[in-house]
Every structure is written in C-alpha cells, then in structure tokens.
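Note sheet for the following structure.
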Amino acid sequence: MATKADFTADEWKMIMGSPMLAALAVTVADPSGIWGLLQEGMASGRALIEAKSAPGANALVKELADEMTTSEGRTMARDGVKAELTAKSPEEIKQQALSTLAEVGKILDAKAPQDAPEFKGWLKHVAERVAAAASEGGILGFGGVQVSDKEKATIAEIATALNLG
C-alpha cells in the first residue's frame with residue numbers, strides 16, 4: 001500500500017490536484033451556467049467526503065481525502081491546479097487537465113502499482129459524479145439531459161488518459 005511518503009513533493013501536489021482536474025475537465029467540456037457550476041463543484045466535494053468515510057475505500061484515496069480536509073492540503077491542491085491553468089481557454093484547460101491526469105496515472109503505475117487501478121477508477125468516478133450533477137440543455141434546470149455527449153466524451157478521454165481498460 002502506497003502513502004504520501006512514496007511520492008516526491010511535486011508528485012504528491014499533482015496527485016492532490018487530480019480530483020480537481022478530473023472535475024474541471026468535465027465542467028469546461030460543457031458548461032452548465034452558474035447553477036450547474038455550483039452543483040458540479042458540490043458533487044466533486046461530495047465525492048471526496050464519501051471517499052474519506054467509505055469503509056472499503058482505497059487507502060491512498062483516503063489519505064488524499066484526509067489531507068484535502070486541511071487548509072494546507074486544499075491550498076496545495078488549488079495552487080498546483082491554478083498554476084497550470086491560469087490564462088487558458090476552456091479547451092486548453094481541458095487538454096491540460098487530461099495531460100496532467102495522464103502524468104498522474106503514470107506516476108501511480110510506477111510508484112503505487114497495487115493502488116493505481118482503484119485510485120484511477122476513483123478519479124473517473126469523480127468525473128462521472130460531476131457530469132451527472134447538473135442537467136445540460138433545457139431551461140432553468142428543466143428538460144435537457146443529465147450527462148451530455150460532450151461530458152460523456154470527456155469522461156472517456158479521462159479514462160484513456162488514466163490508461164483505464
């Protein structure tokens with residue numbers, strides 16, 4: 001079982017930001033307006049809370065979730081993501097998120113091979129939760145579809161980036 005100590009500071013910073021990147025890639029793929037953005041942000045937070053309290057959750061996921069409950073952990077993750085994405089268009093943000101998620105997947109495969117599949121699956125789950133949080137299309141939350149084709153495509157791209165089979 002891998003722990004934070006198995007990674008360099010830069011690698012851990014990337015891993016800490018990975019749930020934000022998975023969520024952000026889906027959010028920018030098909031923006032849902034302000035209400036949808038709030039719902040999608042809350043879905044990402046709920047996925048972290050659930051991971052922390054789930055009895056059978058992967059230990060590395062739980063360690064990340066525990067650290068995200070601290071001000072220092074949230075700041076580290078947010079600052080790492082912010083540094084990569086500042087002054088980029090939505091499409092550039094999505095592509096950078098996918099690129100960084102691919103790098104995170106490689107780091108996990110190399111340094112935490114027992115934990116990597118479950119951790120990467122959890123990142124995909126975060127993206128799926130975010131995609132399902134707000135309806136796309138429709139008017140004032142009525143009508144539309146729960147998960148748009150753009151969001152489905154982005155989830156597939158996340159799975160590919162993470163090398164999930």
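The values are calculated or read from the model by the stated rules, or taken from the named source; none is laboratory data. In this text, all values refer to a predicted model and were calculated from it rather than measured experimentally. A quick note on method: Cβ atoms are made from the backbone with ideal geometry, for glycine too, and the neighbour counts reach across all protein chains shown. Accessible surface is based on the protein model in full, side chains and every heavy atom, while ligands, DNA and RNA are left aside. Shrake-Rupley method; radii C 1.70, N 1.55, O 1.52, S 1.80 Å.
Have a look at Lys88, Lys106 and point out the one that is basic (Lys, Arg), over 14 Å from the mean Cα position of the chain (by Cα) and assigned to a helix (DSSP H, G or I).
Numbers: Lys88 fails: assigned to a helix (DSSP H, G or I).
That would be Lys106, the only listed residue that is basic (Lys, Arg), over 14 Å from the mean Cα position of the chain (by Cα) and assigned to a helix (DSSP H, G or I).
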Is it the case, given these coordinates, that Met20 is within 20 Å of Ala161 (Cα to Cα), in a helix (DSSP H, G or I) and open to solvent by 50 Å² or more (accessible area, probe 1.4 Å)? yes
What are the residues in segment 30-58 that are assigned to a helix (DSSP H, G or I), of a type in the set (A, V, I, L, M) and loosely packed, with under 14 Cβ neighbours inside 10 Å, if any? Ile34, Leu38, Ile49
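Only one of Thr8, Thr70, Thr27, Thr3 is under 17 Å from the mean Cα position of the chain (by Cα) and either open to solvent by 40 Å² or more (accessible area, probe 1.4 Å) or in contact (Cβ under 8 Å) with a residue 12 or more places away in the chain (or both); which?
Criteria check complete, one pass: Thr27.
Within segment 118-147, can you find the residues that are small (Gly, Ala, Ser), open to solvent by less than 10 Å² (accessible area, probe 1.4 Å) and either part of a loop (DSSP other than H, G, I, E, B) or at pLDDT below 95 (or both)? Give the steps one after another, and end with the answer.
First, pick out the residues of segment 118-147 that are small (Gly, Ala, Ser): 121, 127, 131-135, 137-138, 141, 143-144.
Subset that is open to solvent by less than 10 Å² (accessible area, probe 1.4 Å): 127, 131, 134.
Within segment 118-147, Ala131, Ala134 qualify.
In this structure, does Glu151 turn out to be open to solvent by less than 60 Å² (accessible area, probe 1.4 Å), at pLDDT below 90, out of contact with any His (no Cβ under 9 Å at 6 or more places or on another chain) and among the charged types (D, E, K, R)? Full working, then the answer.
On the way: open to solvent by less than 60 Å² (accessible area, probe 1.4 Å): yes; at pLDDT below 90: no; out of contact with any His (no Cβ under 9 Å at 6 or more places or on another chain): yes; among the charged types (D, E, K, R): yes.
Criteria not met by Glu151.
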